[in-house]
Amino acid sequence: MAKGTPPTPTPPTARRSPPTTIESSRDRERLRTVVFPEHSDLAAAVAERIIEVIQRETRAKGRAVLGLATGSTPLGVYEELIRRHQAGDLDFSHVITFNLDEYYPMTPDSPHSYHRYMWENFFEHVNIAKENVHIPEGVTPRERVTEACAAYEQAIRAAGGIDFQLLGIGKTGHVGFNEPGSDATSRTRIVTLDTLTRRDAAADFFGVENVPREAITMGVATILDAKEIALLATGEHKAGIVARAVEGEISTDVAATFLQRHQSVTVYLDLPAAAELTRIKTPWILEGIEWTPAMVERSVVWLADKSGKAVLKLSARDYAEHQLSPLLAPARARRFGGSHQRPGLQSATREDSGTRQAARARARTRVLAPSG
Ligand code: F6R
(Lines give C-alpha, C1' and ligand atoms only; values in the text may rest on other atoms or scores of the structure.)
Protein backbone atom coordinates (compact mmCIF):
# COMPACT_ATOMS: atom_id res chain seq x y z
CA MET A 1 0.00 0.00 0.00
CA ALA A 2 1.34 3.48 -0.84
CA LYS A 3 2.35 5.71 2.03
CA GLY A 4 -0.47 7.94 3.28
CA THR A 5 -3.16 5.88 1.51
CA PRO A 6 -5.98 5.16 3.90
CA PRO A 7 -5.89 1.51 4.87
CA THR A 8 -8.29 -0.77 3.03
CA PRO A 9 -10.81 -1.91 5.61
CA THR A 10 -10.70 -5.66 6.05
CA PRO A 11 -13.15 -7.57 8.21
CA PRO A 12 -11.89 -7.70 11.77
CA THR A 13 -10.43 -11.10 12.42
CA ALA A 14 -11.40 -13.14 15.41
CA ARG A 15 -9.46 -12.29 18.57
CA ARG A 16 -6.89 -14.82 19.56
CA SER A 17 -7.25 -16.80 22.70
CA PRO A 18 -4.74 -15.82 25.39
CA PRO A 19 -1.30 -17.21 24.53
CA THR A 20 0.12 -20.19 26.36
CA THR A 21 3.34 -19.47 28.23
CA ILE A 22 5.76 -21.75 30.05
CA GLU A 23 5.60 -20.97 33.74
CA SER A 24 7.96 -22.25 36.38
CA SER A 25 10.41 -21.08 38.99
CA ARG A 26 12.19 -17.86 38.07
CA ASP A 27 14.71 -18.00 40.91
CA ARG A 28 17.72 -17.25 38.76
CA GLU A 29 16.15 -14.65 36.48
CA ARG A 30 17.03 -11.02 36.98
CA LEU A 31 14.66 -9.81 34.28
CA ARG A 32 10.94 -10.59 34.01
CA THR A 33 10.89 -13.26 31.31
CA VAL A 34 8.01 -14.82 29.40
CA VAL A 35 8.52 -17.98 27.35
CA PHE A 36 6.15 -18.84 24.49
CA PRO A 37 6.03 -22.37 23.08
CA GLU A 38 4.29 -20.97 19.99
CA HIS A 39 6.35 -18.43 18.09
CA SER A 40 3.31 -16.60 16.72
CA ASP A 41 2.01 -16.07 20.27
CA LEU A 42 5.15 -14.09 21.08
CA ALA A 43 4.61 -11.59 18.25
CA ALA A 44 0.90 -11.30 19.10
CA ALA A 45 1.61 -10.68 22.80
CA VAL A 46 4.18 -7.95 22.07
CA ALA A 47 1.91 -6.32 19.49
CA GLU A 48 -0.94 -6.39 21.99
CA ARG A 49 1.22 -4.62 24.57
CA ILE A 50 2.26 -1.98 22.01
CA ILE A 51 -1.39 -1.40 21.13
CA GLU A 52 -2.23 -0.90 24.81
CA VAL A 53 0.59 1.63 25.14
CA ILE A 54 -0.44 3.52 21.98
CA GLN A 55 -4.05 3.72 23.14
CA ARG A 56 -3.18 4.67 26.72
CA GLU A 57 -0.66 7.35 25.75
CA THR A 58 -2.71 8.92 22.95
CA ARG A 59 -5.64 9.15 25.36
CA ALA A 60 -3.44 10.65 28.10
CA LYS A 61 -1.23 13.06 26.17
CA GLY A 62 -2.35 13.06 22.55
CA ARG A 63 0.60 11.04 21.23
CA ALA A 64 2.56 7.83 21.83
CA VAL A 65 6.30 7.51 21.34
CA LEU A 66 7.76 4.18 20.26
CA GLY A 67 11.40 3.12 20.06
CA LEU A 68 11.77 0.58 17.25
CA ALA A 69 14.25 -2.08 16.18
CA THR A 70 15.06 -3.74 12.86
CA GLY A 71 16.41 -7.25 12.17
CA SER A 72 14.53 -10.50 11.78
CA THR A 73 13.16 -10.74 15.32
CA PRO A 74 10.53 -7.95 15.29
CA LEU A 75 9.13 -8.76 11.82
CA GLY A 76 6.24 -10.78 13.27
CA VAL A 77 5.34 -7.89 15.59
CA TYR A 78 5.23 -5.45 12.66
CA GLU A 79 3.08 -7.89 10.68
CA GLU A 80 0.67 -8.15 13.59
CA LEU A 81 0.51 -4.37 14.06
CA ILE A 82 -0.18 -3.93 10.33
CA ARG A 83 -2.88 -6.58 10.51
CA ARG A 84 -4.52 -4.85 13.46
CA HIS A 85 -4.29 -1.47 11.71
CA GLN A 86 -5.85 -2.84 8.54
CA ALA A 87 -8.59 -4.44 10.60
CA GLY A 88 -9.43 -0.94 11.82
CA ASP A 89 -8.27 -1.52 15.41
CA LEU A 90 -5.27 0.75 15.43
CA ASP A 91 -4.48 4.32 14.45
CA PHE A 92 -0.87 5.48 13.98
CA SER A 93 -1.65 9.13 13.18
CA HIS A 94 -0.54 10.19 16.67
CA VAL A 95 2.41 7.83 16.92
CA ILE A 96 5.99 9.11 16.86
CA THR A 97 8.83 6.65 16.32
CA PHE A 98 12.58 6.62 16.94
CA ASN A 99 14.64 3.78 15.52
CA LEU A 100 17.58 2.44 17.44
CA ASP A 101 20.22 2.52 14.79
CA GLU A 102 21.47 2.67 11.21
CA TYR A 103 24.64 1.42 9.55
CA TYR A 104 27.26 4.05 8.74
CA PRO A 105 27.77 4.99 6.05
CA MET A 106 24.46 3.97 4.50
CA THR A 107 22.16 5.67 2.00
CA PRO A 108 18.47 5.46 2.91
CA ASP A 109 17.51 3.86 -0.40
CA SER A 110 20.08 1.04 -0.12
CA PRO A 111 18.44 -2.39 0.21
CA HIS A 112 20.61 -2.83 3.33
CA SER A 113 19.50 0.36 5.04
CA TYR A 114 17.34 0.32 8.13
CA HIS A 115 15.38 3.21 6.58
CA ARG A 116 14.32 0.96 3.74
CA TYR A 117 13.65 -1.97 6.11
CA MET A 118 11.33 0.15 8.27
CA TRP A 119 9.34 1.61 5.38
CA GLU A 120 8.98 -1.69 3.54
CA ASN A 121 8.19 -3.83 6.56
CA PHE A 122 6.08 -1.44 8.57
CA PHE A 123 5.60 2.27 7.93
CA GLU A 124 4.31 1.95 4.35
CA HIS A 125 1.46 -0.21 5.59
CA VAL A 126 0.13 2.01 8.39
CA ASN A 127 -1.05 5.61 8.65
CA ILE A 128 2.04 7.07 10.30
CA ALA A 129 3.06 10.61 9.29
CA LYS A 130 6.49 10.76 7.62
CA GLU A 131 7.55 13.65 9.88
CA ASN A 132 6.86 11.47 12.93
CA VAL A 133 9.42 8.86 11.84
CA HIS A 134 13.00 9.23 13.10
CA ILE A 135 15.89 6.98 12.06
CA PRO A 136 19.57 7.90 12.49
CA GLU A 137 20.94 9.17 9.19
CA GLY A 138 23.66 7.00 7.69
CA VAL A 139 24.57 9.75 5.20
CA THR A 140 25.49 12.44 7.73
CA PRO A 141 28.98 13.78 6.93
CA ARG A 142 31.46 12.44 9.46
CA GLU A 143 32.30 15.87 10.85
CA ARG A 144 28.62 16.43 11.64
CA VAL A 145 27.85 13.04 13.20
CA THR A 146 28.37 14.16 16.82
CA GLU A 147 26.02 17.09 16.30
CA ALA A 148 23.45 14.87 14.54
CA CYS A 149 23.58 12.37 17.44
CA ALA A 150 22.99 15.16 19.98
CA ALA A 151 20.07 16.37 17.84
CA TYR A 152 18.61 12.82 17.87
CA GLU A 153 18.73 12.76 21.69
CA GLN A 154 17.15 16.21 21.76
CA ALA A 155 14.35 15.09 19.41
CA ILE A 156 13.56 12.17 21.75
CA ARG A 157 13.40 14.53 24.73
CA ALA A 158 11.26 17.02 22.76
CA ALA A 159 8.78 14.23 21.99
CA GLY A 160 8.46 13.63 25.74
CA GLY A 161 10.67 10.51 25.89
CA ILE A 162 10.05 6.98 24.61
CA ASP A 163 6.97 5.27 26.05
CA PHE A 164 7.79 1.80 24.77
CA GLN A 165 11.12 0.54 23.45
CA LEU A 166 11.30 -2.59 21.32
CA LEU A 167 14.67 -4.41 21.34
CA GLY A 168 16.27 -7.43 19.74
CA ILE A 169 19.56 -8.84 20.98
CA GLY A 170 22.68 -9.65 18.99
CA LYS A 171 24.95 -12.62 19.67
CA THR A 172 27.44 -10.22 21.27
CA GLY A 173 24.70 -9.15 23.69
CA HIS A 174 24.22 -5.86 21.92
CA VAL A 175 20.96 -3.93 22.17
CA GLY A 176 20.81 -1.35 19.44
CA PHE A 177 24.43 -1.52 18.28
CA ASN A 178 25.83 -1.16 21.79
CA GLU A 179 28.60 -3.68 21.42
CA PRO A 180 30.74 -5.09 24.27
CA GLY A 181 32.49 -2.19 25.99
CA SER A 182 29.46 0.12 25.81
CA ASP A 183 28.68 1.50 29.24
CA ALA A 184 25.51 2.49 31.02
CA THR A 185 26.04 6.20 30.38
CA SER A 186 26.41 5.90 26.59
CA ARG A 187 24.17 8.05 24.37
CA THR A 188 23.47 8.19 20.65
CA ARG A 189 26.84 8.02 18.89
CA ILE A 190 28.87 6.41 16.15
CA VAL A 191 30.26 2.97 17.08
CA THR A 192 32.48 0.30 15.58
CA LEU A 193 30.64 -2.95 14.96
CA ASP A 194 31.93 -6.12 16.60
CA THR A 195 33.45 -8.72 14.28
CA LEU A 196 30.78 -11.25 15.31
CA THR A 197 28.01 -8.78 14.49
CA ARG A 198 29.53 -8.13 11.05
CA ARG A 199 29.89 -11.87 10.47
CA ASP A 200 26.23 -12.40 11.39
CA ALA A 201 25.21 -9.76 8.85
CA ALA A 202 27.51 -11.14 6.11
CA ALA A 203 24.85 -13.20 4.32
CA ASP A 204 22.61 -10.14 3.89
CA PHE A 205 25.50 -8.17 2.41
CA PHE A 206 26.84 -11.03 0.25
CA GLY A 207 30.12 -11.18 2.15
CA VAL A 208 31.51 -9.87 5.42
CA GLU A 209 33.77 -7.46 3.53
CA ASN A 210 30.64 -5.57 2.38
CA VAL A 211 29.20 -5.12 5.88
CA PRO A 212 29.78 -1.56 7.13
CA ARG A 213 32.32 -1.30 9.95
CA GLU A 214 30.38 1.36 11.82
CA ALA A 215 26.87 2.33 12.81
CA ILE A 216 25.04 5.13 14.56
CA THR A 217 23.12 3.83 17.55
CA MET A 218 21.13 5.05 20.51
CA GLY A 219 23.21 4.49 23.66
CA VAL A 220 22.51 2.28 26.65
CA ALA A 221 21.41 5.34 28.65
CA THR A 222 19.09 6.41 25.82
CA ILE A 223 17.47 2.97 25.89
CA LEU A 224 17.21 2.90 29.69
CA ASP A 225 15.37 6.25 29.61
CA ALA A 226 12.38 4.55 27.94
CA LYS A 227 9.41 4.05 30.26
CA GLU A 228 8.89 0.43 29.26
CA ILE A 229 11.20 -1.97 27.42
CA ALA A 230 10.54 -5.25 25.61
CA LEU A 231 13.53 -7.41 24.71
CA LEU A 232 12.65 -10.08 22.13
CA ALA A 233 14.69 -13.10 21.13
CA THR A 234 13.87 -16.10 18.98
CA GLY A 235 15.88 -19.10 17.83
CA GLU A 236 18.41 -21.38 19.45
CA HIS A 237 21.34 -19.26 18.22
CA LYS A 238 20.27 -16.65 20.79
CA ALA A 239 19.90 -19.06 23.74
CA GLY A 240 23.39 -18.56 25.21
CA ILE A 241 23.40 -14.79 25.13
CA VAL A 242 19.81 -14.63 26.38
CA ALA A 243 20.72 -16.69 29.45
CA ARG A 244 23.70 -14.39 30.05
CA ALA A 245 21.50 -11.29 29.79
CA VAL A 246 18.72 -12.69 31.98
CA GLU A 247 20.70 -14.60 34.62
CA GLY A 248 24.18 -13.07 34.47
CA GLU A 249 25.86 -10.22 36.32
CA ILE A 250 25.60 -6.70 34.94
CA SER A 251 28.70 -6.05 32.83
CA THR A 252 29.92 -3.85 29.99
CA ASP A 253 30.78 -7.14 28.26
CA VAL A 254 27.07 -7.66 27.56
CA ALA A 255 25.13 -4.44 27.04
CA ALA A 256 21.78 -6.20 27.48
CA THR A 257 22.62 -6.89 31.15
CA PHE A 258 22.16 -3.16 31.85
CA LEU A 259 18.43 -3.75 31.34
CA GLN A 260 18.52 -5.30 34.82
CA ARG A 261 18.73 -1.75 36.17
CA HIS A 262 15.41 -0.78 34.58
CA GLN A 263 12.12 -1.00 36.46
CA SER A 264 9.93 -2.11 33.59
CA VAL A 265 11.53 -4.65 31.25
CA THR A 266 9.94 -7.80 29.88
CA VAL A 267 11.93 -10.39 27.95
CA TYR A 268 9.80 -12.25 25.37
CA LEU A 269 11.30 -15.56 24.21
CA ASP A 270 10.36 -18.50 22.07
CA LEU A 271 11.32 -21.90 23.46
CA PRO A 272 14.58 -22.33 21.48
CA ALA A 273 15.82 -18.91 22.65
CA ALA A 274 14.92 -19.84 26.25
CA ALA A 275 16.74 -23.19 26.07
CA GLU A 276 19.74 -22.13 28.18
CA LEU A 277 17.70 -20.54 30.99
CA THR A 278 17.98 -22.59 34.16
CA ARG A 279 14.20 -23.02 34.38
CA ILE A 280 14.22 -24.72 30.97
CA LYS A 281 17.63 -26.40 30.90
CA THR A 282 18.03 -27.71 34.46
CA PRO A 283 14.83 -26.79 36.31
CA TRP A 284 15.49 -29.44 38.96
CA ILE A 285 18.15 -27.27 40.57
CA LEU A 286 15.51 -24.64 41.39
CA GLU A 287 13.26 -24.66 44.42
CA GLY A 288 9.59 -25.48 44.16
CA ILE A 289 9.54 -27.39 40.89
CA GLU A 290 7.09 -30.11 39.91
CA TRP A 291 8.62 -33.54 39.36
CA THR A 292 6.85 -34.88 36.31
CA PRO A 293 7.92 -38.20 34.76
CA ALA A 294 9.29 -36.30 31.75
CA MET A 295 11.41 -34.15 34.03
CA VAL A 296 12.75 -37.21 35.85
CA GLU A 297 13.84 -38.67 32.54
CA ARG A 298 15.48 -35.46 31.36
CA SER A 299 17.26 -34.89 34.63
CA VAL A 300 18.72 -38.39 34.71
CA VAL A 301 19.91 -38.18 31.11
CA TRP A 302 21.46 -34.81 31.97
CA LEU A 303 23.14 -36.25 35.09
CA ALA A 304 24.55 -39.21 33.17
CA ASP A 305 25.91 -36.84 30.55
CA LYS A 306 27.37 -34.48 33.12
CA SER A 307 28.97 -37.27 35.16
CA GLY A 308 30.21 -39.13 32.09
CA LYS A 309 28.56 -42.34 33.32
CA ALA A 310 25.89 -44.69 32.07
CA VAL A 311 22.55 -44.18 33.84
CA LEU A 312 22.85 -47.46 35.73
CA LYS A 313 26.31 -46.52 36.99
CA LEU A 314 25.14 -43.31 38.66
CA SER A 315 25.67 -43.37 42.43
CA ALA A 316 23.62 -41.76 45.17
CA ARG A 317 26.50 -39.31 45.54
CA ASP A 318 26.14 -38.28 41.88
CA TYR A 319 22.46 -37.59 42.52
CA ALA A 320 23.21 -35.72 45.73
CA GLU A 321 25.96 -33.57 44.25
CA HIS A 322 23.68 -32.40 41.49
CA GLN A 323 20.63 -31.68 43.62
CA LEU A 324 18.87 -34.77 42.29
CA SER A 325 18.55 -36.74 45.54
CA PRO A 326 14.76 -36.28 45.44
CA LEU A 327 14.77 -38.96 42.76
CA LEU A 328 16.03 -41.40 45.35
CA ALA A 329 13.39 -40.44 47.87
CA PRO A 330 10.41 -42.69 48.51
CA ALA A 331 8.09 -42.30 45.57
CA ARG A 332 5.15 -41.10 47.67
CA ALA A 333 7.24 -38.10 48.73
CA ARG A 334 8.03 -37.24 45.15
CA ARG A 335 4.40 -37.00 44.02
CA PHE A 336 4.76 -36.99 40.28
CA GLY A 337 2.52 -34.51 38.60
CA GLY A 338 1.65 -32.93 41.93
CA SER A 339 2.16 -29.30 42.69
CA HIS A 340 4.51 -29.83 45.56
CA GLN A 341 7.93 -28.63 46.45
CA ARG A 342 10.63 -31.16 45.93
CA PRO A 343 10.95 -33.55 48.82
CA GLY A 344 13.76 -33.19 51.32
CA LEU A 345 17.19 -34.29 50.19
CA GLN A 346 18.40 -37.69 51.20
CA SER A 347 21.62 -37.20 53.06
CA ALA A 348 24.77 -38.16 51.17
CA THR A 349 26.36 -39.00 54.52
CA ARG A 350 24.41 -42.26 54.61
CA GLU A 351 26.59 -43.42 51.81
CA ASP A 352 28.16 -46.58 53.12
CA SER A 353 28.43 -49.03 50.30
CA GLY A 354 25.33 -50.99 51.31
CA THR A 355 23.21 -47.85 51.31
CA ARG A 356 24.72 -46.80 48.05
CA GLN A 357 23.76 -50.04 46.43
CA ALA A 358 20.26 -49.78 47.78
CA ALA A 359 20.01 -46.23 46.56
CA ARG A 360 21.21 -47.31 43.15
CA ALA A 361 18.67 -50.06 43.03
CA ARG A 362 15.92 -47.60 43.97
CA ALA A 363 17.20 -45.14 41.43
CA ARG A 364 17.25 -47.79 38.75
CA THR A 365 13.70 -48.87 39.33
CA ARG A 366 12.27 -45.41 39.93
CA VAL A 367 14.16 -43.67 37.21
CA LEU A 368 13.41 -46.29 34.67
CA ALA A 369 9.79 -46.68 35.71
CA PRO A 370 8.95 -43.39 37.41
CA SER A 371 5.30 -44.09 37.89
CA GLY A 372 5.24 -44.25 41.67
C1 F6R B 1 18.46 -3.62 15.07
C2 F6R B 1 19.24 -3.69 16.30
C3 F6R B 1 19.97 -4.92 16.69
C4 F6R B 1 19.16 -6.20 16.46
C5 F6R B 1 19.96 -7.43 16.85
C6 F6R B 1 19.21 -8.71 16.59
O7 F6R B 1 17.87 -2.35 14.93
O8 F6R B 1 19.31 -2.72 16.99
O9 F6R B 1 20.33 -4.83 18.04
O10 F6R B 1 17.99 -6.13 17.22
O11 F6R B 1 21.15 -7.46 16.13
O12 F6R B 1 19.00 -8.86 15.21
P13 F6R B 1 18.06 -10.02 14.66
O14 F6R B 1 16.68 -9.71 15.11
O15 F6R B 1 18.19 -9.91 13.17
O16 F6R B 1 18.58 -11.28 15.20
- Note on the structure: Residues meeting the amide H criterion for THR33 (H placed from the backbone, H to H distance under 5 Å, 5 or more places apart or on another chain) are VAL267
- Note on the structure: Here the FRET efficiency for GLU147 versus ARG63, based on Cβ atoms and R0 = 22 Å and rounded to 0.05, is 0.25
- Going from most exposed to least, what order do LEU328, LEU271 have by accessible area with a 1.4 Å probe? LEU271, LEU328
- Sequence-distant or interchain residues sharing an amide H contact under 5 Å with GLY176, placed H: which? GLY168
- Query: Counting only protein chains, not ligands or nucleic acids, how are ARG142, ARG59 ordered by accessible area (probe 1.4 Å), most first?
  - Reply: ARG59, ARG142
- Task: For THR192 and GLU321, calculate 0.36 nm times their separation in residues minus their Cα-Cα distance, and state this gained length in nm to one decimal.
- Result: 42.0 nm
- Item | Over segment 212-285 - Rg/Rh using Cα atoms and the Kirkwood inverse-distance radius | 1.00
- Message: Probe radius 1.4 Å, ligands and nucleic acids left out: which of HIS237, HIS322 has the largest accessible area, and how do the rest follow?
- Response: HIS237, HIS322
- Task: Report the residues of segment 40-70 in range of a label on SER264: point 7 Å along Cα→C-beta, backbone N strictly under 14 Å from it.
- Result: 49-61, 64-67
- Task: Could you give me the radius of gyration and the Dmax of segment 57-97, taking only the C-alpha atoms into account and expressing both in angstrom?
- Result: 11.4, 32
- Percent of accessible area on segment 180-284 owned by carbon and sulfur, 1.4 Å probe? 49
- Message: At 1.4 Å probe radius, can you tell me the per residue accessible area of segment 60-210 in Å²?
- Response: 41
- Pull out the extension gain between ALA202 and GLU29, defined as 0.36 nm times the separation in residues minus the alpha carbon to alpha carbon distance; nm, one decimal. 59.0 nm
- Task: When a/c is below 1.5 the answer is rounded, else prolate if a/b is larger than b/c, else oblate, so apply that to segment 14-115 with a ≥ b ≥ c taken from the square roots of the Cα gyration tensor eigenvalues.
- Result: oblate
- Amide H neighbours of THR292 under 5 Å, at least 5 residues apart or on other chains, H built in the peptide plane: list them. GLY337
- Karplus couplings for segment 203-219 from phi (6.51 cos²θ - 1.76 cosθ + 1.60, θ = phi - 60°), rounded to Hz, Gly and Pro as x? 4, 5, 9, 6, x, 4, 5, 8, 6, x, 8, 10, 8, 9, 9, 4, x
- Note on the structure: Checked segment 161-286 against the a/c 1.5 cut and the a/b vs b/c comparison, axes a ≥ b ≥ c from its Cα gyration tensor; verdict oblate
- Message: If each residue of separation counts as 0.36 nm, what is the full-extension length gain between ASP89 and GLU236 once their alpha-carbon separation is subtracted?
- Response: 49.6 nm
- Note on the structure: Ranked output for segments 223-233, 203-213, 152-162 by mean other Cβ atoms within 10 Å, highest leading, reads 223-233, 152-162, 203-213
- Item | Calculated FRET efficiency for the pair GLU287/GLN154, C-beta based, R₀ 45 Å, to 0.05 | 0.40
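The values are calculated or read from the model by the stated rules, or taken from the named source; none is laboratory data. What you are looking at is a predicted structure, and each value in this text was computed from that prediction instead of being measured. Don't worry about glycine lacking a Cβ; one is built from the backbone with ideal geometry, like all the others, and counts go over all protein chains shown. For accessibility, only protein heavy atoms count, side chains too; no ligands or nucleic acids. Shrake-Rupley method; radii C 1.70, N 1.55, O 1.52, S 1.80 Å.
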